[in-house]
Amino acid sequence: MPLNVFQDKDGLPRIVLTDPNGSSAEVFLYGGQIVSWKNQRKEELLFVSSKAKWKQHKAIRGGISACFAMFGEVGSLEQHGMTRNRMWSLDRDPSPLPPIDNHSSVDLILKSTGVDLKKPHSFELRLRISLSAGKLILIPRVRNTDNKPFSFAFSLCNYLSVSDISEVRIEGLETLDYFDNLVNRSRFTEQADAITFDGETDRVYLSSPNKIAIIDHEKKRTIVLQKNALPDAVVWNPWNKKAKALPDLGDEDYKMMLCVNSAAIDVPIFLKPCEEWKGYQELSTVSSSYCSGQLDPRRVLYGFH
Ligand code: TA6
């Protein structure tokens, strides 16, 4: 499969993955960030802010990024860790992951520099990004290359493009416990049949199922998120007030975005020296031809016909 590396107009190296069926993905080495994923009909499936800063030393607001070794703020360290603000490299590992059939892939790596964490620790963070018709697979790996144990949080932050946030529902998180970041991280149990949006939302759902459906009624499209070794799910929409307060988010952008992140936050991942952790996330889309009423979430989540 072809692997093209371009220089962006701002001088940032960009890799374009293409699939013979017409879908594509764009990956920046800066932040190891996926900034575009288009389906065969060239429709963009990821959200990137109209005010995103395409410059070094500032995370690009949107797309998909890997947040490590913490989620949130820890002291004076960068929010969600440093991975979004570093230049990654192409991974020349002599023992890479085996190729996935009919996928166009790129392997990235970010190595510790000694000043990235609260206490210096040596690690290697790898990310495989793999595209096929209708599917985007991410495989993050963290290797503890130090002689001390290491524990960390991890999140794949997915900014999904939606037609209108008020018309979107998430299936798969009902009945779960969650931490609400808007109420001092207090713990609640989800009471709704599905998650819908009418205001700012910032929650960490605990021990979520491996399959979550994000149903966009207006676009008649469902994004299916499947994950492994990433037990939690973060759901975030800033709504109007917070959107206005974020300098790299357009005032109205919150209507067209929804973050649903695959994460390991509540119970940090623990590695002994030389051990490696491997996560998995797959995004795919299902179109719905329904005219009225709701999608049957059981079809999406469990494949019932
Ligand atoms: O989980 C969502 C969250 O942690 C929110 O609290 C919100 O701040 C968001 O991530 C965006 O964070 P960022 O560092 O990208 O501004």
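Computed from the coordinates by the stated procedures, all read-outs in this text should not be read as laboratory data. None of these values were measured; they are calculated from a predicted model. A quick note on method: Cβ atoms are made from the backbone with ideal geometry, for glycine too, and the neighbour counts reach across all protein chains shown.
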Burial-style ranking of 43-51, 273-281, 155-163, 261-269, average other-beta-carbon count within 10 Å with highest first, yields 155-163, 261-269, 43-51, 273-281
How would you order 25-33, 239-247, 170-178 from highest to lowest mean count of nearby Cβ atoms within 10 Å?
-> 25-33, 170-178, 239-247
At the level of C-alpha centres, the distance separating segment 205-252 and segment 98-151, in angstrom, is 23 Å
What value, in deg cm²/dmol to 500, does the helix sum -39500 (n - 2.57) over DSSP H runs of n ≥ 4 give at 222 nm once divided by the residues of the chain?
-> -1000 deg cm²/dmol
Kirkwood hydrodynamic radius over Cα pairs of segment 7-302, then Stokes diffusion coefficient at 25 °C and 0.890 mPa s, in µm²/s = 126 µm²/s
Going by C-beta contacts inside 10 Å, put Asp164, Asp253 in order with the fewest on the left.
-> Asp164, Asp253
